[in-house]
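Below is one structure, written out as C-alpha cells; the observations come after it.
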Amino acid sequence: MKTALQPIAHLGKFERLQLVEDLWDDFASDSGPETRPEVLDELARRSAWRDSHPNQGKSLFQIAQSLGVHL
C-alpha cells in the first residue's frame, strides 16, 4: 500500500468506500471559489499570459478536437 494510504490500511473495504464517499460529498459541498494564494497567483499568471498573447490560446473545442474528444 502507498505510504499516504497507510493510516487507513486498517480500515475494511466498506469503511474505505465510506471515507471516499464522505470526502466526495465534502468536495461537492465546497462550491466556493478557490482562495489559496498559490492558486490565485497561478490564475493571475495565466490570465496575464493570455492577455499578452491574444492569438495563441485555444478554445475548449480546439483542445477537445486535438485530443479526439467529442463535446
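With the Cα gyration tensor of the chain giving a ≥ b ≥ c as the square roots of its eigenvalues, does the rule (a/c under 1.5 for rounded; else a/b larger than b/c for prolate; else oblate) give rounded, prolate or oblate? Could you put the intermediate results ahead of the total?
Numbers: a/c = 2.77, a/b = 1.95, b/c = 1.42.
Prolate is the answer for the chain, as a/c is 1.5 or above and a/b outweighs b/c.
Gain in length, HIS10 to ARG46, computed as 0.36 nm per residue apart minus the alpha-carbon separation, to one decimal in nm?
8.7 nm
With +1 on the Cβ of every Lys and Arg and -1 on the Cβ of every Asp and Glu, and nothing else charged, how large is the dipole of the chain about its Cα centre, in debye rounded to the nearest 20?
I would put it at about 440 debye.
Residue by residue through region 4-19, what is 3J(HN,Hα) from phi via Karplus (6.51 cos²θ - 1.76 cosθ + 1.60, θ = phi - 60°)? Round to whole Hz and write x for glycine and proline.
Working through the residues one at a time gives 5, 8, 4, x, 10, 4, 6, 6, x, 4, 6, 5, 5, 5, 5, 4 Hz.
Loop only per DSSP, at most 13 neighbouring Cβ atoms within 10 Å: give me the trypsin sites (Lys or Arg not before Pro) in region 1-45, ordered by residue number.
LYS2
Rank ALA9, SER59, PHE27 by how far each Cα sits towards the positive end of the charge dipole of the chain (+1 on Lys, Arg Cβ; -1 on Asp, Glu Cβ) and give me just the farthest.
SER59
Among the GluC sites (Glu not before Pro) in region 30-71, which ones are in a DSSP loop with at most 13 other Cβ atoms within 10 Å of the Cβ? Mind listing them?
Sites meeting the loop and neighbour criteria: GLU34.
Got a sec to turn the phi values of region 45-60 into Karplus ³J(HN,Hα) couplings, 6.51 cos²θ - 1.76 cosθ + 1.60 with θ = phi - 60°, whole Hz, x for Gly and Pro?
Each residue's phi maps through the Karplus curve to give 4, 5, 5, 5, 4, 4, 5, 8, 9, x, 9, 9, x, 10, 7, 4 Hz.
Readers should treat all values here as calculations from the given coordinates under stated rules, not as data from a laboratory. This one's a predicted model, so the numbers in the text were calculated from it and none came from an experiment. Backbone-built Cβ (ideal geometry, glycine too); neighbour counts: all protein chains shown.
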